[in-house]
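> Would you mind keeping the following structure in view while I ask a few things?
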Amino acid sequence: MGPRQIVNGLAMLAAAGCGPRIDTEEAGKGRSLAAGDEAPEFTLESSDGETFVLGALRGRIVVLYFYPKDETPGCTKEACSFRDSMEAFGEMNVAVLGVSLDSKESHDKFKKAHKLNFPLLSDPDGRVTTAYGAWKQGSKRGGALAVDRSTFAIDREGKIARIWRGVDVIGHSDEVLAFVRTLP
């Protein structure tokens, strides 16, 4: 599925009132991201009420992962895997940020229930998910668009160092950690 199909699908969802309100011109931009590109800037709130500005993390490596929904089996495994790796990420001063369309309140419950030790950011209108092209054709509900489980390693200069799309949660945090260790 190409960017134009994603844009059309998002526009249909928004028009029907059953999806995030997305600027359809912006929706087609994210899929073309590649290693070496400047990471799209964003400002999002966390479940803790903190505001995260990507640019404020310049000078640190950032692991930005997009996931479909709080409290689902795959998303819980992925979050807990990152949680269990946070000591190693922390030793390298790496910021790990999880992003989904869920509300701050949902993130707060999810974070507390699983003792997550990194911020979960709420992207309720899908702007950041769109900017990073983290959409895919869903397999449920007639193939409506869904969040593509995607991870972005962003280097200290704010450039995308690596992208993982269609992530398999088993062993993913270890793979990300191994890659981050190779970055200067």
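Values in this text are rule-based calculations from the coordinates and carry no lab data. It should be emphasised that the depicted structure is a prediction, and the values quoted were computed from it without experimental measurement. We place every Cβ from the backbone using ideal geometry, glycine too, and count neighbours over all the protein chains shown.
> Assuming 1.306 mPa s and 10 °C, estimate D for segment 35-180 with Stokes-Einstein, Rh taken as the Kirkwood radius over Cα pairs, in µm²/s.
Estimated diffusion coefficient is 105 µm²/s.
> DSSP beta bridges in segment 69-162, what fraction antiparallel, as a percent rounded to 5?
Working: 5 of 8 bridges.
If we restrict to bridges inside segment 69-162, about 60 percent are antiparallel.
> Taking neighbour counts of Cβ atoms within 10 Å as a proxy for exposure, in what order, fewest first, do H114, H107 appear? Don't skip to the end; give the middle numbers.
Working: H114 14, H107 23.
Arranged by neighbour count, lowest to highest, H114, H107 become H114, H107.
> By how many nm would the segment from R165 to F179 lengthen if fully extended, with 0.36 nm per residue of separation less the alpha-carbon distance? Don't skip to the end; give the middle numbers.
Details: separation 14, 0.36 × 14 = 5.04 nm, distance 1.50 nm.
Difference between extended and current length: 3.5 nm.
> Also: Output the relative contact order of segment 35-180, whole-number percent, from Cα pairs under 8 angstrom with separation of 6+ residues.
Worked out over segment 35-180, it gives 33 percent.
> Sticking with this structure for a sec: Taking the simple approach of a point 7 Å from Cα along Cα-to-Cβ for both E87 and A34, what is their distance in nm?
So the two model labels end up 4.0 nm from each other.
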